[in-house]
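So the structure is just underneath, and the comments pick up after that.
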Amino acid sequence: MSIATGPYSSTEVTDPTGSQVAPTDLTGDSVAKGKAPSAKMPLWRLLLRDPMATVAAAILVFVLLVAAFGPWLVGDAAYDQNLDESNLPPFNLDTGFMNILGTDPLGRSMLARLIVACRTTMLVAVPAVLISCVIGSVIGMWAGYHRGWRETTAMRIADVMMSFPSLLLAVVVLYVFSPSAANIVLVLAFTRIPIYLRTARAESAELQSRIFVDAARTFGASSGSIIRRHVLPILLPTLLTVATLDFCFVMLAESSLSFLGIGIQPPEISWGLMVSQGRTYLQTAWWLSFFPGLAIVVTTVAATVLAAWARIATDPGQRWRLTVPRKRRRMFSPRKAVA
């Protein structure tokens, strides 16, 4: 074990595996019994200590609530046409609150269409991530735990799947078959399985040689029970982080496919389809593409920020950093190691 010294008389301990544990003094108060204050702190309290992560989580919760209840609130406003109000500019309340973000060439409310498109986008991104995460993780944990031919077969299949660019494969499949929300979910879920498979295989292969796993085998526990009770809980934080980042990719992939015309098809609406439909009016009605594009950017950035926070919050060796104010975290970075 080595002790790294830093400024302000703060020390940071590094265990033999190289991972960092909490410093002996974080905010000026001594840590009782050598335990970091973040050891038993709930995740929601850690989240509130990070303003950026809190804002990101609030944005994602808002997006999910809009996707769940928004279409019910706006009713048919996203499809009601009124040519007398064609291409109204945004932030004009003369024609009602629903037109606050302007209207499209057919006089339909942009706000209502954004809300309805939010549900369509989430109904593609969330199921695709869940399906690929579950299938890839199960196969990866099974292959990594048993090793041998199972691991070799699973990894070679994953290598073959990853040799094809996922977005290009989705384009080819959707071009051959009829593009629809269900087909987009299936093809994107299929192309993302190797990401989770490789992650779960690497983690479970390392865990299967640990002492607590050997002890479980000694007491006669089955492989399924060991994977479920000992491997999965340790692997879950990493999988959640990967899934959060993959959510960004899947949402951008759906938007790209809809932009190319082989994704969501009218009369259904998605953010990517709205960007595609508004690109021909960029000179005269910029808001048709700007607001759905902004929704895509804000949602993906929020998911990325939350994934970075989740990676630290679920790592016992780094979790203590969330208890320190952002401006003071650099004080506890190790400067040199003292053997």
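Every number in this text was worked out from the coordinates using simple rules, so none of it is lab data. These figures come from a predicted structure and were not determined experimentally. When we count neighbours, we look across all protein chains shown, and the Cβ atoms used for this are built from the backbone with ideal geometry, even at glycine.
Could you tell me which chymotrypsin sites (Phe, Trp or Tyr not before Pro) in segment 191-260 are loop residues by DSSP with no more than 15 other beta carbons within 10 angstrom of their beta carbon?
PHE219
Restriction of the chymotrypsin sites (Phe, Trp or Tyr not before Pro) in segment 60-113 to DSSP coil positions whose beta-carbon has at most 11 other beta-carbons within 10 angstrom yields PHE91. Ranked for footprinting exposure by Cβ neighbours inside 10 Å, fewest first, MET141, MET251, MET98 give MET98, MET251, MET141. Normalised size of segment 255-295, defined as Cα radius of gyration per 2.2 N^0.38 Å with N residues, equals 1.04. Ordering LEU322, LEU197, LEU186 by the number of other Cβ atoms within 10 Å of each residue's own Cβ, fewest first, gives LEU186, LEU322, LEU197. When the convex hull of its Cα atoms is viewed from all sides, segment 159-282 shows a mean projected area of 9.9 nm².
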